1. Against the longest alpha carbon principal axis of chain B, how many degrees, from 0 to 90 and to the nearest 10, is the axis of helix B:56-72 turned?
2. For the range B:107-134 and the range B:14-54, compute the distance between their C-alpha centroids and round to whole Å.
3. Kindly express, to the nearest 10 degrees and within the range 0 to 90, the angle between helix B:84-101's C-alpha long axis and the longest C-alpha principal axis of chain B.
4. Tell me which of B:I199, B:P153, B:A117 sits at the most positive position along the dipole axis of the range B:90-205, charges placed on C-beta atoms (Lys, Arg +1; Asp, Glu -1).
5. How large is the charge dipole for the protein assembly as shown, taken about the Cα centre, if only the Cβ atoms of Lys, Arg (+1) and Asp, Glu (-1) carry charge, to the nearest 20 debye?
6. Would you be so kind as to list the residues of the range B:118-140 that have their accessible area lowered by at least 50 Å² in the full protein complex compared with their chain by itself (1.4 Å probe)?
7. Classify chain A: rounded, prolate or oblate, from the alpha-carbon gyration tensor (a ≥ b ≥ c, eigenvalue square roots; a/c under 1.5 rounded; otherwise prolate if a/b is larger than b/c)?
8. Counting only other chains, what is the mean number of Cβ atoms within 10 angstrom of the Cβ of each residue in peptide B:20-28?
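The values are calculated or read from the model by the stated rules, or taken from the named source; none is laboratory data. None of these values were measured; they are calculated from a predicted model. Backbone-built Cβ (ideal geometry, glycine too); neighbour counts: all protein chains shown. Just so you know, the surface numbers come from the protein's heavy atoms only, side chains and all, with ligands and any DNA or RNA stripped out. Shrake-Rupley method; radii C 1.70, N 1.55, O 1.52, S 1.80 Å.
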There are 2 protein chains.
Amino acid sequence: MVEKKKTRIKIRNEEKILEAALKLFSAFGFHGTTMEKIAELADMSQPNLHNYFKTKADLYEAVLNDILTLWVDPLGNLDVEGDPETELRQYIFKKIEMARKYPEASRIFAGEMLQGAPILMHHLKGQVRMKVKAFATVIESWARQGKIRPVDPVHLVFMIWASTQHYADFMPQIRAVMDVARLNKADYDAAAESICSIIVNGLKP
Amino acid sequence: MVEKKKTRIKIRNEEKILEAALKLFSAFGFHGTTMEKIAELADMSQPNLHNYFKTKADLYEAVLNDILTLWVDPLGNLDVEGDPETELRQYIFKKIEMARKYPEASRIFAGEMLQGAPILMHHLKGQVRMKVKAFATVIESWARQGKIRPVDPVHLVFMIWASTQHYADFMPQIRAVMDVARLNKADYDAAAESICSIIVNGLKP
DNA sequence: CCTACCGATCGGTAGG
DNA sequence: CCTACCGATCGGTAGG
């Protein structure tokens with residue numbers, strides 16, 4: 001059997017396809033992306049893609065699943081024992097950093113939302129809701145202890161997610177308004193700092 | 001000439017087409033929407049659409065232009081003479097109300113952003129930047145007068161836009177997390193109230 | 001993994 | 001404003 005060699009190439013190719021697909025799907029959406037373009041970017045023939053992913057829809061789902069772990073998981077959680085200011089700052093900076101490092105992932109999720117999240121709905125009701133519940137528990141505990149002002153934790157988490165992901169999803173508007181060709185790390189940090197200062201101060205008792 | 005009668009029907013049909021196109025483009029994107037489907041929803045034959053809009057791209061642009069006035073304009077502005085809390089509350093509630101009443105408009109803009117805003121870029125560098133400049137002037141004036149804490153006005157306005165539009169653009173996630181089939185007016189108001197309280201308190205000197 | 005190719009869909013036009 | 005239809009594109013398969 002020469003399976004070993006084949007398998008290594010297969011794995012490499014699968015990665016190349018997923019990478020190319022992520023870039024194109026995030027930039028042009030599902031219907032705006034052709035298998036031909038993905039094949040081109042992955043440096044393969046178009047029919048060959050179907051040896052790795054049966055259909056275009058399968059490939060799209062694979063891309064979504066691929067980034068789901070990367071997107072939802074490493075977010076971590078607030079430590080109820082920690083100081084609200086420190087914990088929230090950490091959380092917000094982590095989110096901004098993800099918008100900076102993985103803008104395609106952010107955009108593909110946003111695109112899914114805009115279209116009603118047909119594929120992601122299942123995860124939204126599972127993983128994502130759990131994340132929010134955990135977040136809410138900590139916020140409510142802090143409020144009870146008088147460490148922060150009482151606030152609806154669900155709207156708070158939406159506010160944080162929206163404000164941070166905005167820097168990936170609405171990039172063209174941000175570049176146009178700020179009049180820069182590209183945002184550098186300092187710009188993202190300044191954004192995170194602004195968001196932090198408003199939210200942290202906004203939650204002071 | 002029977003032009004008068006014809007014109008009236010033509011105007012009515014054009015409206016029907018634009019309405020149908022807005023719904024479908026916002027739900028499925030440009031490439032995910034077919035002229036056939038638009039025709040169906042507008043209750044006309046597909047070839048007849050081309051009598052009103054030469055190409056699909058033209059129709060799409062017409063939809064964008066149509067909502068641009070509705071979206072950017074009536075936002076109004078902050079009154080520098082006014083009380084920061086009152087003014088910001090009004091602004092945020094107006095934005096949430098727009099997300100509630102015109103979610104399709106919000107989503108079509110978001111979709112455009114995700115794809116790099118090829119058509120909207122011109123307006124982003126014009127109208128939208130002007131709006132931000134005007135907003136920034138008021139914020140900075142308030143900060144100088146000591147009415148609010150100094151804060152980067154650009155990041156502040158992005159924060160407000162992102163947080164409010166989120167309730168239109170990320171509807172599926174919001175419904176899944178809140179575990180409701182539909183958000184009613186009270187839900188939107190509660191969201192606006194949460195956003196307001198954090199931002200207004202966050203800006204207190 | 002490639003060449004060749006099919007069937008379906010879609011935007012747009014002709015012609016009345 | 002309709003019927004009929006064309007040309008191009010695209011996802012996917014056959015067969016080797």
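1. 30
2. Cα centroid to Cα centroid, the span is 23 Å.
3. Long axis of B:84-101 versus the principal axis of chain B: about 20 degrees.
4. B:P153
5. Dipole magnitude for the protein assembly as shown comes out near 500 debye.
6. B:R129
7. Prolate shape, in that a/c is at least 1.5 and a/b is the bigger ratio.
8. Mean partner-chain Cβ count within 10 Å for B:20-28: 1.
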